[in-house]
Amino acid sequence: MHDSSSSRLTRLRLPIRFTPFVFAFYMSGIMAMLMCIVIVGASTGLHDGYVLRVLLAYKLAMPVAFFCVLAVRPVVVRLVALSVRQPT
């Protein structure tokens, strides 16, 4: 039983060439939600309708963040390489 569920999970995984897109999807989803929670709370308060306002903001923020992460990722990878000592 363990082997069949493990092989099923392996079949559901994306090929490695999609790694930048999967990374951008998860990173943008998490960061967009966190930023929407904070910004909506700070700008309009935590009163009635807060969750709906957060979700409406997220509806715009998530796709924007996704494409921004895709665009900025190569720059960040380069900056990290310049900033971190490489193993000898």
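Just a few scattered comments:
- Scanning segment 40-88 for residues that are among the basic types (Lys, Arg), more than 25 Å from PHE18 (Cβ to Cβ) and assigned to a helix (DSSP H, G or I) yields a single hit, ARG53.
- Residue pairs whose Cβ atoms lie under 9 Å apart, separated by 6 or more positions or on different chains, with the first residue in segment 36-61 and without any contact (Cβ under 8 Å) to a residue 24 or more places away in the chain and the second surrounded by 11 or more Cβ atoms within 10 Å (Cβ to Cβ) and polar (S, T, N, Q), are TYR50/THR44; ARG53/THR44.
- Meets criteria (surrounded by 14 or more Cβ atoms within 10 Å (Cβ to Cβ), modelled with pLDDT of 95 or more and not charged (D, E, K, R)) for ALA42: no
- Residue, farthest from the chain's Cα centre (by Cα), within segment 1-38, restricted to residues that are exposed (fewer than 10 other Cβ atoms within 10 Å of the Cβ) and among the hydrophobic types (A, V, I, L, M, F, W, C): MET1
The values are calculated or read from the model by the stated rules, or taken from the named source; none is laboratory data. Please read all numbers here as calculations on a predicted model, not as lab measurements. All Cβ positions, glycine included, derive from the backbone under ideal geometry; neighbour counts span all protein chains shown.
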